[in-house]
1. Which length gain, in nm to one decimal place, applies between residue 85 and residue 58 when the Cα-Cα distance is subtracted from 0.36 nm times their residue separation?
2. Mind telling me which of 19, 58, 150 comes out most flexible in a GNM of the chain, alpha-carbon contacts under 10 Å?
3. Output the peptides 33-41, 76-84, 184-192 sorted from most to least packed, where packing is the average of other Cβ atoms within 10 Å over each peptide's residues.
4. Rg and Dmax of the chain over Cα atoms: what are they, in angstrom?
Amino acid sequence: MNVKITGTRPGCFLEAGPRELGLRAFAHWYREREAAQWRALDIGAVERLTELLLRTERRGGHVFVMGNGGSAATAASIAVDFGKTAAPKGRKALKCISLSESSAFLTAMSNDLDFEQVFIKQLENLLAPRDLALFVSGSGNSPNLIKAARFAASEGAKTAALLGFDGGKLKALVDVPVVIPCAEYGVVEDMHLAISHIITFYLRQRARRARA
């Protein structure tokens, strides 16, 4: 893909799609945009993320996953898949926890301090050097994730991120960035979820092969 993708602010839609199309044509347009991202997917980066997950598992660490908005929903899905679906019957799954789920903690932090600290404060209580912090962000520029990434690195933990657009500031802050170079938030979020499913079912099949 030779199209240059620029950065964006969190929640800022650079491109929602062509306005003149009917639903059928728009669906075809969207499908082609997503198919282009499948063709461009950096499988090597997905492999590196998977190895980080396995490394964390071998060391007895936890995976702490976090995001905002739609990426918070993706983080919740990842926590369920990595923490349950990724292991076959009789085997333990990854110790994976979403930090985007506690509405009481998130609103308390936002009300009493500020929203930029909602993740870093949780990591201060939970993170150990053997753990992995996994960030999910379309823009890669969310201040609360940037602060959390810097904190995780300072504590000696490994870091990774599922990103979109040009990767934003998070791209340079994490050990393993997986970037979807696309200016459509919907496509970016679709691909993030798909990547998590690739890893989930790879781990499940890998564990089943090892047991066979």
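Each reported figure results from applying straightforward, stated rules to the coordinates on display, with no laboratory input. Everything numeric here is computed off the predicted structure, so don't read it as measured data. Heads up, the Cβs are rebuilt from the backbone with ideal geometry, glycines too, and the neighbour counts pull from every protein chain shown.
1. Stretched out fully, the residue 85 to residue 58 stretch lengthens by 7.9 nm.
2. Between 19, 58, 150, it is 19 that shows the largest mean-square fluctuation.
3. Numbers: 33-41: 14.4, 76-84: 20.2, 184-192: 21.8.
Going from most to least packed, we get 184-192, 76-84, 33-41.
4. 17.4, 54
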